[in-house]
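Notes to accompany the following structure.
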Amino acid sequence: MSDDGVSAALPMSIDITIERGCIVVRLGGHLVNDNVPRLNRWMNRIGRLEGRVLVAMDLRGVVGCDSTGVEALVDGAGRIRQSGGFLIAANYPDACEAFAGRAVLETRPSVHDAIDELHAWLS
């Protein structure tokens, strides 16, 4: 499943797959204010799924971000936790490093590591 709609100014791609029983959300492009509504729609859909939803958010393709984009990630992770799931971010991008203090996210160096941690969380 993918959503490759393009913001007028700065594009962002969202690709969602299932790997090893976890939802993997791959973001690409610009995680900025103009793209937050699209990200929120997907995070809300994931948060409404039943059961313990395990999400690995792959940020490797993010080339730019602002504080609003990072806050949307944190808020989305919180909504997933409130519904009984868990989100771990992977490949936290250098482009967002200026906002690392605001990003209170579980992070791992790779999607593989994030998925391993999510499975361990279930144990």
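Here the chain exposes an accessible surface that is 51 percent carbon and sulfur, computed with a 1.4 Å probe and the other protein chains kept in place. When the Cα convex hull of region 1-87 is projected onto planes of every orientation, the mean area is 5.0 nm².
Our summary gives region 29-123 a relative contact order of 32 percent, counting only alpha carbon pairs under 8 angstrom and 6 or more residues apart. The Rg/Rh ratio for region 53-111, using Cα coordinates for both the radius of gyration and the Kirkwood hydrodynamic radius, is 0.94.
Placing a pseudo-label 7 Å from each Cα along the Cα-to-Cβ vector at Gln82 and Ile16 gives an inter-label distance of 1.8 nm. Taking other residues whose beta carbon is less than 12 angstrom from the beta carbon of Thr17, and scoring Lys, Arg as +1 and Asp, Glu as -1, yields -1.
Amide H contacts of Cys65: Leu31, each under 5 Å away and 5 or more positions distant or on a separate chain (H built 1.01 Å from N in the peptide plane; Pro and chain starts excluded). Of the beta bridges in the chain, as assigned by DSSP with both residues counted there, near 40 percent are antiparallel. Any idea of the accessible area per residue across region 26-123, 1.4 Å probe, to the nearest Å²? Spelled out: the 1.4 Å probe surface of region 26-123, per residue, equals 48 Å². For a 4.7 Å threshold on C-beta separation, the list of partnerless cysteines in the chain reads Cys22. Amide H contacts under 5 Å for Val24: Thr17, Ile18, Glu19, Ala56, restricted to partners 5 or more places along the chain or on a different chain, H placed in the peptide plane at 1.01 Å from N.
The values are calculated or read from the model by the stated rules, or taken from the named source; none is laboratory data. Everything numeric here is computed off the predicted structure, so don't read it as measured data. Every residue, glycine among them, receives a Cβ derived from its backbone with ideal geometry; neighbour counts consider all protein chains shown. Heavy atoms of the whole protein, side chains included, go into the accessibility calculation; ligands, DNA and RNA do not. Shrake-Rupley method; radii C 1.70, N 1.55, O 1.52, S 1.80 Å.
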